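None of the figures in this text is laboratory data; all of them are computed from the coordinates on show. Predicted model only: the values in this text are computed from it and were never measured. Methodologically, a virtual Cβ is constructed for each residue, glycine included, from the backbone with ideal geometry; neighbour enumeration extends over all protein chains shown.
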Amino acid sequence: MKNRVVFFDTTLRDGEQAPGFSMTVDQKIAMAKQLERLGADVLEAGFPIASEGDFESVRRISQELRGCAIAGLARTKKEDIDRAWEALKHAKRPRIHTFLATSDIHLKHKLKKSREEALETAVQWVRYAKSLTEDVQFSAEDATRSDFVFLAQIVEAVIDAGATVVNIPDTVGYAVPDEFGQLIRTLRETVPNITKAVLAVHCHNDLGLAVANSIAALQNGARQVECTVNGIGERAGNASLEEIAMILHTRHERLKLTSGIAHAEIYRSSQLLSNLTGVYVQRNKAIVGSNAFAHEAGIHQDGVLKNPLTYEIMTPVSVGIPESVLVLGKHSGRHALSKRFSEMGCRLSREELDRVYTAFTRLADKKKEVYDADLMMLLQQETPETSAAYVLEGVQVLSGTQLIPTATVRLRRSGETEENSSTGDGPVDAVCRAIDRITGFPARMTEYTLNAVTKGKDAMGEVLLQIEYRKRIYTGRAASTDVIEASARAYLHAVNQAVFHHERSATEKR
Ligand SMILES: [Zn+2]
């Protein structure tokens with residue numbers, strides 16, 4: 001049995017569909033390119049039938065990436081598979097990933113199918129997918145709560161029908177490691193044609209066991225692991241890519257498994273994802289959290305200084321955490337800026353560089369030292385979202401201990417400018433209300449945080465907020481040396497996504 005583990009990354013599908021993690025098509029492409037540099041073997045780029053945006057991202061990623069295999073998700077239905085194939089067909093190595101639930105609880109309550117009908121459906125659509133492309137993956141949704149005999153039957157049948165990969169997901173995050181390892185081992189021992197396909201696992205983290213379960217499965221013969229950067233995904237998330245990769249690397253002697261992951265790209269990938277989505281990684285997150293390599297206790301610090309191996313099982317450099325950060329300032333040129341961005345995982349086009357450079361010189365005039373976090377903020381702010389987006393032209397606020405806070409905001413959309421004013425409970429509230437008056441879009445702010453992006457009194461204030469509209473959550477993020485302006489931009493950033501999403505689904509319904 002081969003010891004090379006296939007990394008199937010689903011950051012752009014399972015990860016992106018979690019609330020607060022949505023990305024635009026361009027952002028997904030930037031992330032996909034970084035995942036390719038990271039060495040992911042397969043990228044699940046989206047669920048093409050789910051929306052126009054998903055279709056478009058799968059199509060463009062298929063066209064633009066030549067390194068990894070590209071997968072698109074589809075239910076066991078003709079229209080899903082056709083749509084997935086339409087998006088994937090230009091990929092160098094396309095993979096159709098189709099799935100059907102196999103647990104009685106899903107069959108009875110969700111699909112209203114008998115086991116026999118489910119088996120027939122799975123075989124029929126795997127065969128159909130196979131008629132379109134060589135590489136077909138089948139997932140038995142909710143496998144860990146399925147009847148074992150039935151699960152083994154369906155696995156055998158889809159392999160006969162041509163599935164090249166069979167995935168056993170712990171969809172609800174219910175399994176414990178020895179049990180899950182045992183399930184994989186028993187499937188290998190009982191399904192007669194099992195060696196004709198790669199056995200895969202997809203674990204969720206509801207009980208905090210996604211990584212442990214994945215490792216147990218790999219120890220018992222699974223050879224594809226599905227995971228996401230920073231462990232993002234539905235509910236408590238998916239198994240974290242960086243943790244699995246570093247376990248295989250650090251404990252190679254015991255596990256004897258290898259991967260194609262370029263460890264030095266791990267930190268950059270994690271940073272890029274959180275910069276694109278505006279969701280930070282928790283400080284104590286393994287491998288990529290800001291405390292992951294910080295030794296605070298005196299006795300530990302003393303030990304590490306004498307010999308890093310006393311308390312360090314891996315080095316920050318090995319996962320790509322930079323030893324020292326080059327600080328850019330007023331006199332840094334275009335070339336230095338472009339180089340710094342590419343070190344952060346962003347290759348800028350000429351136009352992007354021009355735009356960001358202008359913003360950079362403006363910022364460098366206001367503050368002495370410009371850090372990586374500042375640069376990422378500039379890049380995000382200077383990237384035009386769509387022509388249909390609202391753009392902040394100006395904001396003015398009157399506030400103080402004796403005054404009722406009043407804000408006047410000027411916005412531009414599709415060439416037209418509109419201005420409005422409002423009072424509020426505080427200056428930020430007044431600004432948001434003034435924006436609402438112009439957009440006519442009643443969003444509710446559910447979260448608001450203000451952080452200093454970097455050190456020093458001249459640091460940019462970064463606002464991260466969430467709004468809720470029709471049960472969907474949109475994240476907004478912006479930074480400025482003026483916190484009121486940052487709040488206005490962040491709020492508008494979130495509102496633009498909500499407007500865009502709302503108008504797009506309105507056109508799709510028509
Ligand atoms: Zn999942």
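Brief remarks on what is shown
- Rel. contact order, % - alpha carbon contacts under 8 angstrom, at least six apart, the chain: 10
- log10 of Debye I(q)/I(0), alpha-carbon scatterers only, for the range 6-277 at 0.16 Å⁻¹: -1.24
- Here the range 334-382 is treated as a sphere whose radius is the Kirkwood value from Cα pairs; by Stokes-Einstein at 4 °C and 1.567 mPa s it diffuses with a coefficient of 122 µm²/s.
- If you wrap the tightest convex hull around every Cα atom of the chain and split its volume per residue, you get 169 Å³.
- Rounded if a/c under 1.5, otherwise prolate or oblate - the range 203-335, Cα gyration tensor axes: oblate
- Its residues counted as N, the range 197-281 yields a C-alpha radius of gyration over 2.2 N^0.38 Å of 1.09.
- Label-to-label distance, Ser342 versus Glu189, with points set 7 angstrom from Cα along the beta-carbon direction: 5.3 nm.
- Of the trypsin sites (Lys or Arg not before Pro) in the range 68-176, those whose Cβ has at most 15 other Cβ within 10 Å and which sit in DSSP loop: Lys77, Lys89, Lys92, Lys112
- The loop-placed GluC sites (Glu not before Pro) in the range 311-371, going by DSSP, that have at most 13 neighbouring Cβ atoms within 10 Å of their Cβ come out as Glu323.
- Nitroxide proxy distance, nm - points 7 Å out along Cα→Cβ at Leu398 and Lys77: 5.6
- The label-point distance for Glu179 and Gln63, in a model that sets each label 7 Å from Cα toward Cβ, rounds to 4.7 nm.
- Based on Cα contacts under 8 Å between residues 6+ apart, the range 1-53 shows a relative contact order of 54 percent.
- Volume per residue of the C-alpha convex hull in the range 35-144, rounded to whole Å³: 100
- Note on the range 288-361: Rg/Rh from Cα positions, Kirkwood definition for Rh, rounded to two decimals, is 1.17.
- Neighbour-limited loop hits for trypsin sites (Lys or Arg not before Pro), the range 233-337 (at most 10 other Cβ within 10 Å; DSSP other than H, G, I, E, B): Lys256, Arg283
- Per-residue ³J(HN,Hα) for the range 218-230, Karplus 6.51 cos²θ - 1.76 cosθ + 1.60, θ = phi - 60°, Hz, x for Gly and Pro: 5, 5, 10, x, 5, 10, 10, 10, 9, 7, 9, 5, 6
- Coarse-grained scattering of the range 151-210 at q = 0.13, 0.20, 0.26, 0.28 Å⁻¹, given as base-10 log I(q)/I(0) from a Debye sum over alpha-carbon atoms: -0.34, -0.74, -1.05, -1.14
- Rg/Rg_ref, the range 427-500, where Rg_ref = 2.2 N^0.38 Å and atoms are Cα: 1.08
- Computed over the range 388-459, Kirkwood Rh from alpha-carbon pairs, angstrom: 13.6
- Per residue, the convex hull around the alpha carbon atoms of the range 106-219 comes to 97 Å³.
- The long axis of helix 427-439 is offset from the longest Cα principal axis of the chain by roughly 70 degrees.
- Theoretical FRET efficiency, 1/(1+(r/R0)^6), r = Cβ-Cβ of Lys2 and Met445, R0 45 Å, to 0.05: 0.30
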